[in-house]
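Peer 1: Structure below; questions to follow.
The values are calculated or read from the model by the stated rules, or taken from the named source; none is laboratory data. This is a predicted model, so every value here is computed, not measured. Here Cβ is always computed from backbone atoms with ideal geometry, including for glycine, and neighbour counts include all displayed protein chains.
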Amino acid sequence: MIQEKYTGRYQNLKVAEALSNNHLYPFACNELSSIIDLGYSRFPKDLKAFIFRDCLSAFRLLPDINTSAAVSAANLLVKSIESAFPKQKKNVAVVEFKQAKVALKRRSKSHDELIDMPSLPQDILVHIFSFLDVSSLLSSSQVSRSWNQATCEGSLWRSLFDLHFSHKVLIHIHSGIDWREAFKNEYILYNSSKMLRSGRGYCSFCDSVVWHESLRCPKKQCRLKSGKKPLDLMLTHQVVNYLLGTTSSSDESDSEDEAVCGLWAYPTLQ
Amino acid sequence: MSEADMAIIKPEMMMKSYIWLETADGSIQQVEQEVAMYCPMICHEVLQKGLGAGSSKNCAISLPQRVNPAMLSLILDYCRFHQVPGRSNKERKVHDEKFIRMDTKRLCELASAADSLQLKPLVDLSSRALARIIEGKTPEEIREIFHLPDDLTEEEKLEPLKNLMDDPRIRLLNRLYAKKRKELKEREKLKGKEVEERVDERSVDDLLSFINGKDHKVVKTSKSKKKNKKRKEHKNKVSHNLHSKQQGTQSVVDETASSLGGVSNLPSIEDDIFSLKTDSEDGYMDDGMDPALREMLDREVEDFARRLNSSWVLSSGQERQPVHFSINGNGATRRLTAIDD
């Protein structure tokens, strides 16, 4: 009976779906790694089969995703597999992984010639950026000069602030407010990087662990009900606990005492 | 009977009205009115200039520059589908998903063109698609896809981005790098002043004789002079080296950087380590840097190199081979292992 519970919960987690999503792929791989690391030996046979299947599809999808974040995540997954899987399954998985690496290499070799790209006007850039999450927005700010200028747009940071912190922080809005700074301060204060690392949240309206979209439940009804309030974000080990039905408080190996800042440089050098 | 005739005749006699549009390159085409009117900009033009506008080839409505003929036909296809009132939301969604599948270049053009025609739904659609492409990628990857130049200085890349997936050890390294960088910068400033002073003292002749490696006699007697010149030459070279090495190593280092998931600090620190080594290893140098400090810096650099190796090996990655830093004869650090190609 208990065994079925595991499998059922795993299905609910919808890890496999996330693998085909470009953005969620690294999150999903990391979650798989954690699940394997923390509980593989205890799982019933059918759950082990599901996990095995998902690992294989992760490797098969890797060439399509083809970002460095995805490659790193896949590497981590292979490491977990190597230490936990029985010999035969391990070999199959590793072979799949190696094939993926070869496919990746082949793709990177076929580079298109220098294409003359049209330059996007600033307000279009800002509009595009309005759909991005924090991490991607910061990446974009480092791409080129014109993109960097576009990312300085206050409205972008204001809506991110609203998204992440408005339910927690009452802020006096004066005319000259620098929303980017305000966001940054709250982000560091609330140690947001840690919570965002899993890509997971708990939705109380549908009572499930979901891959959050902009901190909201992907289901429309839940979004309507919750209004402005974001999901409760979850750490990966909490997700694993949910799967295993345990309540261990063991935190991830990284000690966050020093590294409070995540995305921003630690401002010690002033 | 006559009524039936009329009924048959009427629709045939009904003329579909067309609007003439002219793109920036001069080509003119005609479009069904209801399709073209779906674009707010065209609509406004027609209303503003009166009903005569766009009614014939001669007074075609000229479209903004960003709309080329290819984009125009795409946009008109979009309009043609959506202006039909009878379609369900789901139909429209399905159509849009298919419609938006195109390469990045065309997506950019489409977004531009739609924006200049004020066709907001299409602007949203293309912007979202572009956002999906950008999501989760490192700056280098984005630059590659959009063919954008890397024209920001290190200072402007103010706050280093760390991938959310990052290993905490990498974060620690980043912070140490940032510290290092600052120290090195301050020292650069000090040295910069000294170099400027010395350059003035040398004459062109001295330089020439040194370069040509002339008279042995001259060499013998002025050995000490030569040493001085060497020192000065070397100092001057340092700034050149820094620059050229920066260019040279950028591509190599960028690969590593991206494999680390966007540790954009890395390239600059590599260069700083290079420069640090060329400075401190040069025995002639006596620029006021006391040996204790130099020793400490040497130790820190080696510590870094060790940390780099160990953390990269420890954290994920069969493909991340440890990059070995070694100090070879002339005092410059060199990467031994190339990155996995």
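Peer 1: Based on this model, can you work out whether A:ASP162 counts as assigned to a helix (DSSP H, G or I) and facing chain B (nearest Cβ under 9 Å)?
Peer 2: In short, no.
Peer 1: Next question, about the same structure. Looking only at segment A:139-174, count how many residues are β-branched (Val, Ile, Thr) and under 30 Å from B:ASP151 (Cα atoms).
Peer 2: The number of residues fulfilling the criteria is 2.
Peer 1: Moving on. Of all residues in segment A:115-148, count the ones that are polar (S, T, N, Q) and either within 7 Å of chain B (Cβ to nearest Cβ) or in contact with a strand residue (DSSP E or B) (Cβ under 6 Å, 6 or more places away or on another chain) (or both).
Peer 2: 7
Peer 1: Would you tally the residues in segment B:151-185 being touching a helix residue (DSSP H, G or I) at 6+ places or on another chain (Cβ under 7 Å), more than 7 Å from chain A (Cβ to nearest Cβ) and at pLDDT 75 or above?
Peer 2: Total meeting the criteria: 3.
Peer 1: Here's another thing I want to ask about it. Among residues belonging to segment A:161-196 that are touching a residue at least 40 places away in the same chain (Cβ under 8 Å) and among the charged types (D, E, K, R), point out the one that is surrounded by the fewest Cβ atoms within 10 Å (Cβ to Cβ).
Peer 2: A:ASP162
Peer 1: Looking at segment A:115-135 only, could you name the residues that are among the aliphatic types (A, V, I, L, M), closer than 16 Å to A:TRP157 by Cα and part of a loop (DSSP other than H, G, I, E, B)?
Peer 2: Selection gives A:LEU132 alone.
Table: residues versus (1) under 22 Å from the mean Cα position of the chain (by Cα); (2) within 14 Å of chain B (Cβ to nearest Cβ); (3) not acidic (Asp, Glu).
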residue: A:ARG9; (1), (2), (3): yes, no, yes
residue: A:LYS14; (1), (2), (3): yes, no, yes
residue: A:ALA18; (1), (2), (3): yes, yes, yes
residue: A:ASN22; (1), (2), (3): yes, yes, yes
residue: A:GLY39; (1), (2), (3): yes, no, yes
residue: A:LYS48; (1), (2), (3): no, no, yes
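Peer 1: What's the number of the only condition in (1) at the interface with chain B (Cβ under 9 Å from one of its Cβ atoms); (2) crowded, with 20+ Cβ neighbours inside 10 Å; (3) over 25 Å from B:PRO149 (Cβ atoms); (4) of a type outside the set (Asp, Glu) that A:LYS105 fails to meet?
Peer 2: Looking at each condition in turn, A:LYS105 falls short on (2).
Peer 1: Still on this structure, please answer the following. When residues of segment B:111-128 are filtered for being within 8 Å of chain A (Cβ to nearest Cβ) and closer than 13 Å to B:PRO40 by Cα, how many remain?
Peer 2: 2
Peer 1: Identify the residue in segment B:69-94 that is without any contact (Cβ under 8 Å) to a residue 24 or more places away in the chain and part of a loop (DSSP other than H, G, I, E, B) and, among all such residues, is nearest to B:GLU109 (Cα to Cα).
Peer 2: Out of the qualifying residues, it is B:VAL84.
Peer 1: Of the residues that make up segment B:130-147, is at least one polar (S, T, N, Q), within 11 Å of chain A (Cβ to nearest Cβ) and either free of Cβ contacts under 8 Å to residues at least 24 places away in the same chain or under 17 Å from A:THR151 (Cβ atoms) (or both)?
Peer 2: Scanning segment B:130-147, I find at least one residue that is polar (S, T, N, Q), within 11 Å of chain A (Cβ to nearest Cβ) and either free of Cβ contacts under 8 Å to residues at least 24 places away in the same chain or under 17 Å from A:THR151 (Cβ atoms) (or both), so the answer is yes.
Peer 1: In addition: Scan segment A:8-52 for residues that are under 14 Å from A:TYR242 (Cβ atoms) and surrounded by fewer than 18 Cβ atoms within 10 Å (Cβ to Cβ) and report the count.
Peer 2: Looking only at that region, the number is 5.
Peer 1: Any residue in segment A:71-90 that is within 10 Å of chain B (Cβ to nearest Cβ), surrounded by 20 or more Cβ atoms within 10 Å (Cβ to Cβ) and either of a type in the set (Lys, Arg) or not in a helix (DSSP H, G or I) (or both)?
Peer 2: Looking through segment A:71-90, none of the residues is within 10 Å of chain B (Cβ to nearest Cβ), surrounded by 20 or more Cβ atoms within 10 Å (Cβ to Cβ) and either of a type in the set (Lys, Arg) or not in a helix (DSSP H, G or I) (or both).
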